[in-house]
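No value in this document is a laboratory result; all are computed from the given coordinates. As the structure is a computational prediction, the values presented were derived from the model and not from experiment. Neighbour counts run over all protein chains shown; Cβ positions are idealised from the backbone, glycine included.
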Amino acid sequence: MAKTTKKQEVSYAEAMAEVEQILARFSSRQMDVDTLAAEVKRATELIAQCKERLMRAEREVNEVLGTEQEEVR
């Protein structure tokens with residue numbers, strides 16, 4: 001049976017740490033040109049995950065604050 005692969009999500013902190021590692025390798029010219037595209041793709045995926053988490057957290061906070069403000073009135 002074929003295994004379904006799903007992109008593994010990591011925590012926000014883990015994603016940011018991995019992006020920073022990728023940037024450090026790129027900045028210090030330690031990144032092999034053969035892996036450059038894959039590294040950039042991975043960084044882009046991680047950044048997208050982080051953006052989504054931030055937007056989700058913002059929505060949730062706004063919902064909580066909106067609910068609390070309505071209760072005060």
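Computed over the alpha carbons of the range 12-72, Rg followed by Dmax gives 17.5, 59 Å. For the range 12-72, the residue among 49, 26, 64 whose Cα projects farthest onto the positive side of the dipole built from Cβ charges is 26.
Potential lengthening of the chain between residue 26 and residue 10 amounts to 3.6 nm, from the contour at 0.36 nm per residue minus the alpha-carbon distance.
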